[in-house]
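Undergrad: Okay, handing you the structure first.
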Amino acid sequence: MILSTNLLFLSLACARLAFASLTSCSCSAAALSEALLGNSELLSVRFVPAGGSFGEGTANIPFPTNPTNLPANCAIIVNVTTSPVSSFRFGLFLPTTTWNERFLTVGNGGFSGGINWLDMGSGLQTREDFGFRAIHETAVITKEIIKRFYNAPPKFSYYSGCSMGGRQGLKDAQKFPEDFDGMLIGAPAWWLKRFSPWITKLGISNLPIDAPNRIPLQLLSTIGAEVTRQCDGVDGVVDGIVSAPDECNFDLSPLLCGYSSFSECFTNEQAQTAKEFYNDYMVKGKLMFPGLELSSEEQWALLFSGEEPNPLGSDYIKYFLLNDPDWRYQDYTDDIILLADRLDPGQNTADSYDMSDFRNQGSKIIMYHGMSDGVIPSRSSNIFYEKVAATMGGAGSLSNWFRFFLVPGLQHCVGTAVGAPWYVAGPNQAGVVGTDIFSVPGFSDPKHDVMLALMEWVEDGTAVDSLVATAWIEPLNTTSGVKRQRPICSFPARAVWDQTGDVNSANSWLCR
Ligand SMILES: *[C@@H]1O[C@H](CO)[C@@H](O)[C@H](O)[C@H]1NC(C)=O
Ligand SMILES: *[C@@H]1O[C@H](CO)[C@@H](O)[C@H](O)[C@H]1NC(C)=O
């Protein structure tokens, strides 16, 4: 009886909605279940009216913030059983009034096992499970659901993810090149088997908390300010932004106790720890992982804020590599990174550098990385780019399908400590400036919005030579007025000031 009451209600709702859209009628478990493959099950189906909100709130631990002011859509959650002992969930917004025939998948961050509703909200407007299976199967099942819901497959399929989401994307491009036509990859943790041991070792270099070599949190802004003082002008413009950290020969000695003019100073032991953060991680003369870039200091707090190294490293070692929850970071040795390198448990690492299948079908990648990233060093993305270039016939041959952008002053995926233009509406970015912010407010076009730029490249063939990044007067307030805009340039070009115009205006800069 209750069931039939519900059905009656649904069909009435359907009839009413039919004026606005034919497709809203299908926002029901009965209609959508037919589209699911045998290993998947609908957990929830809900019609979200225009201006509404959807998500799971704090029950979704990694993504507790729900997007607001959504266009009308059918929001669904699907559970996929991948083996007798594993399953994953994904969420989907199916717009019900107008659909632009595009499909967008967004990635996660960290080891977060949750649905990233907030980035999905942004996309609605513009348009082994962890290792690779979840993203791929999500794409396959979703395409089936789309066909059912709209009676047509998506014309174009897109991916957008930063950090672990960047890794998920690159891995998918290598393993299932047919999944996506365009992929937006931010600060990827692509070299996970090296990254996780590296971040553990780095955390350990600053532990335990009473060690004489420990850099306390309040010294981070001190060293950050000195890096800016020494390195800002190296790129030719004194604007508080270190745009060429690789060309700066930083000398820590002005900060040493006895010499320092700051109220805080570094002991020799603390200075040694700082050097470890910048230095490449070498084992027996071989590069294991690149060090952090000059200007990343403000974010080092994320590497060692507690009494343990960042769990991005130690959880990987415990649960992926050694299968030993009792493993203690004090037992770390170089053998850990060598073992991880050999095993790559879960096939997490995106190191199949021959991406010809992806290129040959005409698909495109835009990858970017903040040069002030204090979690994943930007140079790891340079290494990825170089390895793909070396495998596929040199850097010159990449530009027709793979473009890479370094963003001066951008921290990990979002934000800046120095007022640098950083916002391009990339993955995770809209979410930090507001739950109802989509694209670049006031500049919603392919010059400023990286997803629109990617769509223009994929759909019209207009390659992306540069993008204009934005910073606001109040850093996270998009109505407080534009503070600065500046192009970021397709690697290896850099933004160069024209020597005459306003340095805060994008028109005064060229990519060279
Ligand atoms: C998903 O399905 C698996 C069984 O295949 C089950 O163990 C798991 O609890 C389900 N997850 C949810 C959230 O329902
Ligand atoms: C953002 O800036 C505008 C314009 O200055 C101001 O009216 C508004 O209160 C600010 N919003 C927040 C949340 O501070």
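Undergrad: If I take every Cα pair under 8 Å that is 6 or more residues apart in region 339-400, average their sequence separation and divide by the length, what percent do I get for the relative contact order? Walk me through the numbers before you get to the answer.
TA: Values: 23 pairs, mean separation 21.3, N = 62.
Relative contact order of region 339-400: 34 percent.
Undergrad: Can you compute 3J(HN,Hα) from phi for each residue in region 432-446, using the Karplus curve 6.51 cos²θ - 1.76 cosθ + 1.60 with θ = phi - 60°, rounded to whole Hz and x for Gly and Pro?
TA: 7, 9, x, 6, 10, 9, 10, 6, 10, x, x, 9, 7, 8, x
Undergrad: First select every other residue whose beta carbon is under 12 angstrom from the beta carbon of S466; then total the charges, Lys and Arg +1, Asp and Glu -1. Could you put the intermediate results ahead of the total?
TA: Numbers: positive: R403, K447, R486, R494, R512; negative: D465.
Spelling it out: positives minus negatives among the neighbours equals +4.
Undergrad: Here's something else I'd like to know. Just check region 436-512 against the gyration tensor rule for me: Cα atoms, a ≥ b ≥ c as the square roots of the eigenvalues, rounded for a/c under 1.5, and otherwise prolate or oblate depending on whether a/b exceeds b/c. List each step's numbers first, then the result.
TA: Values: a/c = 2.58, a/b = 1.05, b/c = 2.46.
Cα axes put region 436-512 in the oblate bin.
Undergrad: Would you calculate a helix-derived [θ] at 222 nm for the chain, using -39,500 (n - 2.57) for each DSSP H run of n ≥ 4 and dividing by the full residue count, to the nearest 500?
TA: Working: 15 runs with 151 residues, N = 512.
Helix-only estimate at 222 nm: -8500 deg cm²/dmol.
Undergrad: To continue, here is another question. Mind checking which of W327, F358, V424 is farthest towards the positive end of the chain's charge dipole, using Cβ charges of +1 (Lys, Arg) and -1 (Asp, Glu) about the Cα centre?
TA: F358
Undergrad: Name the shape class, rounded, prolate or oblate, that the alpha-carbon gyration tensor gives for region 157-261, where a ≥ b ≥ c are the square roots of its eigenvalues, rounded holds for a/c under 1.5, and otherwise prolate holds if a/b is larger than b/c and oblate otherwise.
TA: Numbers: a/c = 3.70, a/b = 1.69, b/c = 2.19.
In terms of gyration-tensor shape, oblate.
Undergrad: Also, I was wondering about something else. Take the alpha-carbon centre of region 274-318, take the same for region 134-180, and report the distance between them in whole Å.
TA: First find each Cα centre; the distance between them is then 32 Å.
Undergrad: Still on this structure, please answer the following. What is the distance in Å between the Cα centres of region 234-252 and region 181-220?
TA: 22 Å
Undergrad: So who's got an amide H within less than 5 Å of the one on F103, skipping anything under 5 residues away but keeping other chains? H placed 1.01 Å off N, in plane.
TA: It is F156, S157, Y158, by chain and number.
Undergrad: Now, a different point. What percent of all Cα-Cα pairs in the chain falls in each 20 Å bin, counting up from 0?
TA: The percentages, shortest bin first, are 22, 54, 22, 2, 0.
Undergrad: Just flag the chymotrypsin sites (Phe, Trp or Tyr not before Pro) in region 145-178 sitting in loop per DSSP whose Cβ has no more than 13 other Cβ atoms within 10 Å.
TA: Working: sites: F149, Y150, F156, Y158, Y159; in loops: none.
In loop regions of region 145-178 (DSSP not H, G, I, E or B), there are no sparsely surrounded chymotrypsin sites (Phe, Trp or Tyr not before Pro).
Undergrad: I would also like to ask the following. Under the Karplus relation 6.51 cos²θ - 1.76 cosθ + 1.60, θ = phi - 60°, what is the ordered set of whole-Hz ³J(HN,Hα) values for region 159-174, x standing for Gly and Pro?
TA: 10, 9, x, 10, 6, 5, x, x, 5, 4, x, 4, 4, 5, 4, 7
Undergrad: What is the percent carbon and sulfur in the accessible area of the chain, measuring with a 1.4 Å probe over the protein chains and ignoring ligands? Numbers along the way, then the final one.
TA: Numbers: 11070 of 21050 Å².
Roughly 53 percent of what the probe reaches on the chain is carbon or sulfur.
Undergrad: Let me ask something else. Hey, how many Å between the Cα centroid of region 392-463 and the Cα centroid of region 329-351?
TA: 31 Å
Undergrad: Near the amide H of D445, under 5 Å away, which other amide H atoms are found, from residues 5 or more places off or on another chain, if H is placed in the peptide plane?
TA: Counting only residues 5 or more places away or on other chains, the set is V440.
Undergrad: Same structure again: With a sphere of radius 12 Å drawn around the Cβ of I146, what net charge do the other residues whose Cβ falls strictly inside it have (Lys, Arg +1; Asp, Glu -1)? Display every interim value, and only then the final one.
TA: Working: positive: R102, K143, K147, R148, K155; negative: E101, E144.
With Lys, Arg at +1 and Asp, Glu at -1, the neighbours total +3.
Undergrad: Right, another one. For R494, list long-range residues whose amide hydrogen, built 1.01 Å from N in the peptide plane, is under 5 Å from its own amide hydrogen.
TA: Here the answer is R512, since their amide H atoms fall under 5 Å of that of R494.
Undergrad: Another question, if that's okay. With every protein chain present, what is the per residue accessible area of region 380-443 (1.4 Å probe, Å²)? Each step should come with its number before you reach the end.
TA: On the way: 1810 Å² over 64 residues.
Computed with neighbouring chains in place, this is 28 Å² per residue.
Undergrad: Using θ = phi - 60° and the Karplus form 6.51 cos²θ - 1.76 cosθ + 1.60, what ³J(HN,Hα) does each residue of region 44-56 get, whole Hz, x for Gly and Pro?
TA: Per residue, the Karplus-derived 3J(HN,Hα) values read 7, 9, 9, 7, 10, x, 3, x, x, 9, 8, x, 10 Hz.
Undergrad: Using Cα pairs closer than 8 Å and at least 6 residues apart in sequence, work out the relative contact order for region 280-397, in percent. Don't skip to the end; give the middle numbers.
TA: Numbers: 92 pairs, mean separation 42.3, N = 118.
Here the relative contact order equals 36 percent.
Undergrad: Identify the GluC sites (Glu not before Pro) of region 26-69 meeting these criteria: DSSP loop state and at most 13 other C-beta atoms within 10 Å of the C-beta. Please list the in-between numbers first.
TA: Values: sites: E34, E41, E56; in loops: E34, E56.
Qualifying residues, ordered by number: E34.
Undergrad: Does region 362-483 come out rounded, prolate or oblate, given a ≥ b ≥ c as the square roots of the eigenvalues of its C-alpha gyration tensor, rounded meaning a/c under 1.5 and, failing that, prolate meaning a/b above b/c?
TA: Details: a/c = 2.59, a/b = 1.46, b/c = 1.78.
Cα axes put region 362-483 in the oblate bin.
The values are calculated or read from the model by the stated rules, or taken from the named source; none is laboratory data. Small disclaimer: the values here were computed from a predicted structure and weren't measured. Quick reminder, even Gly has a Cβ in these numbers, built from the backbone with ideal geometry, and neighbours come from all protein chains shown. Areas reflect the complete protein model, heavy atoms only, side chains present, ligands, DNA and RNA absent. Shrake-Rupley method; radii C 1.70, N 1.55, O 1.52, S 1.80 Å.
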